[in-house]
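**Q** The structure's right below; bear with me while I get my questions together.
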Amino acid sequence: MFVTSAIQARRTLPTRPSRTPAEYFAETVRILRRLERKYGMTSAEFYRKFQEGILQEGPTDYWEWRVRYKSFLTMRERFGFSEAEVVDA
């Protein structure tokens, strides 16, 4: 029953277009830059402080920042993307 319902839902629900890894990377860099400006520190500095427990429980932005920075590092390593190639929009 569930499998049939899931298949039917997939057929009837609108899907959003997939982003390429390069598009997701560019979006991630833009978000990281925004967070860096907002909190006055680099993402590398934030991540180090977050991992070491130096930062107190902060805003929910901290969780997004952590996840986005980890994604940034992974994509940079896996795909060889460069932050310098991303143009701010």
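Any read-out appearing in this document is the output of simple, stated calculations on the displayed coordinates, not a laboratory observation. Quick caveat, the model's predicted, so the values are computed rather than measured. Please note: Cβ atoms are built from the backbone with ideal geometry, for glycine as well, and neighbour counts cover all protein chains shown.
**Q** Please list 3J(HN,Hα) in residue order for the range 55-61, calculated via the Karplus relation 6.51 cos²θ - 1.76 cosθ + 1.60 where θ = phi - 60°; whole Hz, with x for glycine and proline.
**A** Working through the residues one at a time gives 7, 5, 3, x, x, 4, 4 Hz.
**Q** What are the ³J(HN,Hα) couplings of the range 23-35, residue after residue, when phi is run through the Karplus curve with 6.51, -1.76, 1.60 and θ = phi - 60°? Round to Hz, x for glycine and proline.
**A** Per residue, the Karplus-derived 3J(HN,Hα) values read 5, 5, 4, 4, 4, 4, 4, 4, 5, 4, 4, 4, 5 Hz.
**Q** Okay, next question. Among Ser43, Ser18, Ser71, rank each residue by its count of other Cβ atoms within 10 Å, from fewest to most, as a rough exposure measure.
**A** Ser18, Ser71, Ser43
**Q** How about the range 13-74: which GluC sites (Glu not before Pro) there are in a DSSP loop, with at most 16 other Cβ atoms within 10 Å of their Cβ?
**A** Glu57
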